[in-house]
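Reading through the structure tokens given below for one structure.
Derivation of every value follows stated rules applied to the coordinates shown; laboratory data play no part. All of these numbers come straight from a predicted model, not from anything done at the bench. Cβ atoms come from the backbone with ideal geometry, glycine included; neighbour counts cover every protein chain shown.
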């Protein structure tokens, strides 16, 4: 087993039809802040160090352009590129300095189902990282649907160095640091985005975030509740053009002594979908939103920006 070399999920880059409406949502309602604008792309940050947590660009159809994974340093990026090359998966060339705001050293790649990712280190991250009680701290995790879950899992494990934390009938939960999961792989009939989760400081922060979202006219589509795998608090929403998003907090911290639970070990009483069991299940809207954002075919080509 390779030492884990991917260290985080840094950011997601999305395409929307109405960039102004999306920008208003993520700043005013969701709680992100502007950090850059370049070549028609808006960059927004959370309160933790990564230069941006999300970027927005305008396109004819909504899409997830790419997920940007973090690595500790250039040496790890170089090794990851060599592993991806050896796996036969496409890349956009050797690692190099990228040109988008915040910079960094990295490369783009496509996973076994053609989804676009990037691996990045040495970005000009922020020094001002004071937490706010109701603003997102960082990307917590990205959940993707997988037609071929086994192939995707093997790629993330053997090539990118992720480790399995838990598995249910619907999902595999993968970690790349002490957080229980940073990527979630769904057993599904498509290869689209399921949702993106943003971490807040604690339960109080999630509840205040829910209140701010309600103030801006956005209903909770599922939650609040507390998940089984990861033991994290959750509240799901539909964002711009029904982009599926989650507030989360209090993720379980694990290490290699963690017992990986199987699908047979994750069972709820009839009608129960989470630890608390006080709210009904996900709305039809958010369930449908979990397959509305396909990955952009050329999102792995970093030099196109």
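Brief remarks follow.
- Whole-number Å³ per residue for the convex hull built on Cα positions in region 251-295: 166
- Gain on full extension, evaluated as 0.36 nm per residue between residue 132 and residue 231 minus their Cα-Cα distance, stands at 33.4 nm.
- Ordering of 8-14, 228-234, 184-190 by packing [mean C-beta count within 10 Å, highest first]: 8-14, 228-234, 184-190
- Each helix, a run of at least 4 DSSP H residues, gives -39500 (n - 2.57); summed and divided by the residues of the chain, these come to -4500 deg cm²/dmol at 222 nm.
- Rounded if a/c under 1.5, otherwise prolate or oblate - region 113-176, Cα gyration tensor axes: prolate
- With both residues required to sit in the chain, DSSP beta bridges show an antiparallel share near 70%.
- Potential extension, residue 287-residue 154 segment - 0.36 nm per residue separation minus Cα distance: 45.2 nm
- Where the Cα pairs of region 138-289 fall when distances are cut into 10 Å bins, in %: 11, 40, 37, 11, 0
- Semi-axis lengths, Å, the chain, gyration tensor of Cα atoms, sqrt of 5 times eigenvalues: 27, 24, 18
- Whole-percent pair-distance distribution, where bins are 10 Å wide, for the alpha carbons of region 204-284: 16, 44, 30, 10, 1
- Region 93-223 shape via C-alpha gyration tensor axes, a/c threshold 1.5: oblate
- Mean shadow area of region 6-123, taken as a quarter of the surface of its Cα convex hull (nm²): 7.3
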